[in-house]
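So the structure is just underneath, and the comments pick up after that.
The values are calculated or read from the model by the stated rules, or taken from the named source; none is laboratory data. Keep in mind that what you see is a predicted model, and the values were worked out from it rather than measured. Virtual Cβ from ideal backbone geometry, glycine too; neighbours counted across all protein chains shown.
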Amino acid sequence: MPQTVVVGVDGSQESVKALRWAADHVRQVGGILHAITVWHQPVQFGYHLSSTDMELKKQGQQTLDSALEQVKPDFPKVDIRAKLIRGQVVDEFVKLSRQADLLVVGNKGHGAFTGMLVGSVAVKIVHHAACPVTVVR
């Protein structure tokens, strides 16, 4: 049975490695690879930062596109579906894990953009996911 694999992409080199690992896995076992970037409007001390939602969404899309450009050419037969999601990283990946056979994340990521997959976030995903999780180093 083909697998549904979800991979977190945040623009860090670790997440590009995770995308590459996940694409290779799907190439071997068959299935669909969902490359996901989660974005949100960060709040510091109760105030929104100066970036607009549109700017953050655009930045998220550029992050996702850039990672795909680095990996897709090496896996032309893998069905890679990209999606940008607004939300909190851990919550969104836990939700996605309920419909996935495997969740793939980098061991640490870009704190500057979304705070995604920086140490403790990857650990929270591992502990709360409803499917197996591979953490790529």
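With respect to LEU102, is the statement that it is in contact with a Pro (Cβ under 8 Å, 6 or more places away or on another chain), surrounded by 16 or more Cβ atoms within 10 Å (Cβ to Cβ) and not small (Gly, Ala, Ser) true? First the steps, then the outcome.
Values: in contact with a Pro (Cβ under 8 Å, 6 or more places away or on another chain): yes; surrounded by 16 or more Cβ atoms within 10 Å (Cβ to Cβ): yes; not small (Gly, Ala, Ser): yes.
It is true that LEU102 is in contact with a Pro (Cβ under 8 Å, 6 or more places away or on another chain), surrounded by 16 or more Cβ atoms within 10 Å (Cβ to Cβ) and not small (Gly, Ala, Ser).
Within the group VAL16, VAL5, VAL26, which residue is under 20 Å from ALA130 (Cβ atoms), assigned to a helix (DSSP H, G or I), modelled with pLDDT of 95 or more and under 17 Å from the mean Cα position of the chain (by Cα)?
Answer to the selection: VAL26.
Residues of region 67-94 that are over 13 Å from the mean Cα position of the chain (by Cα) and in a helix (DSSP H, G or I): GLU69, GLN70, VAL71, LYS72, PRO73, ASP74. In region 1-32, of all residues being among the hydroxyl-bearing types (Ser, Thr, Tyr) and under 18 Å from VAL126 (Cα atoms), the one that is surrounded by the most Cβ atoms within 10 Å (Cβ to Cβ) corresponds to SER15.
If you check GLY115, GLY60, GLY119, which single one turns out to be on the phi > 0 side of the Ramachandran plot and either under 12 Å from the mean Cα position of the chain (by Cα) or at pLDDT 95 or above (or both)? Even if it seems obvious, please write down each step before you answer.
Working: GLY60 fails: on the phi > 0 side of the Ramachandran plot; GLY119 fails: either under 12 Å from the mean Cα position of the chain (by Cα) or at pLDDT 95 or above (or both).
The conditions single out GLY115.
The residue pairs whose first member lies in region 59-88 and is closer than 16 Å to ARG20 by Cα and surrounded by 16 or more Cβ atoms within 10 Å (Cβ to Cβ), whose second member is among the acidic types (Asp, Glu) and at pLDDT below 95, and whose beta carbons are closer than 7 Å, counting only pairs six or more residues apart or on different chains, are THR63/ASP10.
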